[in-house]
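Have a look at the structure below, then the notes.
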Amino acid sequence: VQLQASGGGSVQAGGSLRLSCAASGHTVRYVTWFRQAPGEEREFVAAINWSSRITYYSDSVKGRFTISRASDKNTVYLQMNSLKPEDTAVYYCAADSSIILSSIWQWFHYDYWGQGTQVTVSS
């Protein structure tokens, strides 16, 4: 599975960005966004079940971020609204073909990763 992430950038607090993760290759079970700020652990942001489209969010982004899957192509989006300076990080999309629900929150369970994309939110 190959993942291609895009859409990062710089924005002021309160602004919006949309990240994209284009997947190719084998079918996956979950596609998930993680983020990592300098000196911090890689953190779960949001996940989507590929077939059911059920979504999961961290408490820190719930209500502000929306993860979705395009109906006509193998792309997952992360719409980020009401951005805060603490959202500043490198964002990574990840996928796995066999991961189970109880494991989606932990980055080390994923076999496939896209390159990171920087999101910077200024106050």
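The values are calculated or read from the model by the stated rules, or taken from the named source; none is laboratory data. Since this is a predicted model, take the numbers as computed values, not measurements. Because the Cβ atoms are built from the backbone with ideal geometry, glycine has one as well, and the counts that use them run over all protein chains shown.
Assorted remarks:
- Cβ pairs under 8 Å, 6+ apart, first in the range 81-93 and more than 29 Å from residue 24 (Cβ to Cβ) and among the basic types (Lys, Arg), second at pLDDT 95 or above and assigned to a loop (DSSP other than H, G, I, E, B): 84/13
- From the options 58, 82, 20, residue that is modelled with pLDDT of 95 or more, hydroxyl-bearing (Ser, Thr, Tyr) and on the phi > 0 side of the Ramachandran plot: 82
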